[in-house]
Amino acid sequence: MSIIAPLPVKFECGNCHQIYMHLEQGGGLYQYPCCPQCAAQGRLLGSAEVIDLIVHPVLVAKSYLHATLQMLGKTH
């Protein structure tokens with residue numbers, strides 16, 4: 001397991017034009033996550049960059065928090 005946390009993957013919703021982030025879990029993205037606002041699938045913009053951490057700190061924090069809560073909820 002890596003000590004450095006991976007950067008989230010950045011998406012943009014085609015309907016409402018909202019940018020949202022999703023932290024990749026393990027073996028890659030098999031299905032794009034839905035937009036949290038309108039539930040439509042967005043388009044992939046690539047991995048988040050350092051500038052995204054500065055411009056969108058709340059989105060990055062939410063994606064890490066969501067991924068952490070999912071990992072804690074899994075049964076091993």
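I need the phi-derived Karplus couplings for region 41-53: 6.51 cos²θ - 1.76 cosθ + 1.60, θ = phi - 60°, integer Hz, Gly and Pro marked x.
Going residue by residue, I get 6, x, 10, 6, 9, x, 6, 5, 10, 4, 5, 5, 5 Hz, with x marking Gly and Pro.
Calculate one ³J(HN,Hα) per residue across region 54-67 by plugging θ = phi - 60° into the Karplus curve 6.51 cos²θ - 1.76 cosθ + 1.60, and present them in order as whole Hz with x for glycine and proline.
Once θ is set to phi - 60°, the couplings for region 54-67 become 7, 6, 10, x, 5, 4, 5, 4, 5, 5, 5, 5, 4, 5 Hz.
Val9's amide H: which non-local residues (gap 5+, or another chain) put their own amide H closer than 5 Å, with H modeled 1.01 Å from N in plane and none for Pro or chain starts?
His22, Leu23, Glu24, Ala48
Taking amide H positions as placed 1.01 Å from N in the peptide plane, with prolines and chain starts having none, which residues 5 or more places from Gly14, or on another chain, fall under 5 Å of its amide H?
Amide H neighbours of Gly14: Arg43.
Here, each number is a calculation from the coordinates, and none is a lab measurement. As the structure is a prediction and not an experimental result, all values here were calculated from the model.
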